[in-house]
Ligand SMILES: [Zn+2]
């Protein structure tokens with residue numbers, strides 16, 4: 001069987017552009033400047049115009065299919081971008097910038113930046129509340145970090161007299177909410193300690209009050225759980241993982257994929273970028289095969305998400321804009 005990467009849109013920039021045009025403009029060409037549908041002049045065909053250039057008949061602005069997307073003004077061929085999107089959609093535990101560098105034939109810096117732009121494309125707006133209509137939502141939190149022990153000890157000694165620090169303070173806090181048979185939403189919470197108030201705020205925004213909530217024995221959920229149709233817990237400390245359908249195995253399964261990615265694929269993830277990695281793992285989980293989404297559909301969903309999310313290098317890490 002020929003590799004999927006032999007398909008023309010992965011090999012040729014013009015074919016890639018045509019693929020993207022067919023996907024984004026399935027209902028007619030839309031001007032990204034004024035929103036006008038279908039009224040435009042095609043300027044292609046002359047060497048003075050770049051391929052795919054159009055001019056809006058309403059606002060007279062020029063545009064191509066990548067204007068207003070994460071691919072805008074990129075010097076990387078569109079077919080290379082599509083390859084990167086393919087790899088990120090198809091790799092269950094993610095793919096490192098180092099690996100992308102080798103496979104795409106670009107520099108490490110370019111690969112890193114492309115991957116972050118694609119993570120932006122994978123970001124979706126939350127659609128309603130999880131567990132609406134009496135569904136089951138598992139909530140759990142996990143801690144992840146790789147600060148060296150010596151540094152942890154040093155900071156703890158320094159702060160001890162003030163009583164400021166307690167368990168897990170030096171790690172990244174990640175909260176995931178998973179609707180059984182449905183979607184996950186993961187938030188990287190940038191606080192020193194996770195408390196009841198923070199969790200309540202996250203659950204209020206994401207979980208329907210008529211949902212059945214399942215958590216572990218953490219006291220953080222005691223009062224909060226009363227706001228939902230029901231709240232049941234499994235007691236991990238007593239070695240209990242499942243009792244007549246009461247379990248947090250789904251959310252823990254999600255965490256294990258996320259952590260295998262963070263440890264095995266990405267190695268070190270800066271605090272400022274953690275949410276983007278969580279978003280990437282959420283995207284793949286929410287477009288997983290058991291929900292009826294295949295690899296090509298997942299790829300197309302990611303490509304439809306490129307709109308309205310231009311991401312500058314400055315926003316990513318404060319350095320000068322890169323020529324990517
Ligand atoms: Zn226009």
Seminar exercise, completed: Per the helix-only model, the chain has a calculated mean residue ellipticity at 222 nm (DSSP H runs of ≥4, -39500 (n - 2.57) each, divided over all residues, rounded to the nearest 500) of -10500 deg cm²/dmol
Exercise. Helix 78-90: angle to the longest alpha-carbon principal axis of the chain, degrees 0 to 90, nearest 10?
Worked result: 30
Seminar exercise, completed: Rounded to the nearest 5, the percent of antiparallel DSSP beta bridges in the range 136-269 equals 65
Problem set entry | Over the chain, relative contact order from alpha-carbon pairs under 8 Å, at least 6 apart, % | 21
For this session: Measure nothing but the geometry: give the 0 to 90° angle between the long axis through the Cα atoms of 274-286 and the longest principal axis through the Cα atoms of the chain, rounded to 10°.
Result: 80
Exercise. Helix 249-260: angle to the longest alpha-carbon principal axis of the chain, degrees 0 to 90, nearest 10?
Worked result: 60
Exercise. With contacts defined as alpha carbon pairs under 8 Å and 6 or more residues apart, what's the relative contact order of the range 4-122 in percent?
Worked result: 20
For this session: Using only the alpha-carbon atoms of the range 212-296, report the extent along each of the three principal axes, biggest first, to the nearest angstrom.
Result: 38, 33, 26
For this session: Starting from the coordinates of the alpha-carbon atoms of the chain, obtain the Kirkwood hydrodynamic radius over all distinct pairs and give the value in Å to one decimal.
Result: 22.1
For this session: Measure out, as a whole number of angstrom, how far apart the alpha-carbon centroids of the range 1-23 and the range 65-127 sit.
Result: 15
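Just so you know, all these numbers are worked out from the coordinates, no wet-lab data involved. The model shown is predicted, which means the values in this text are computed figures rather than measured ones.
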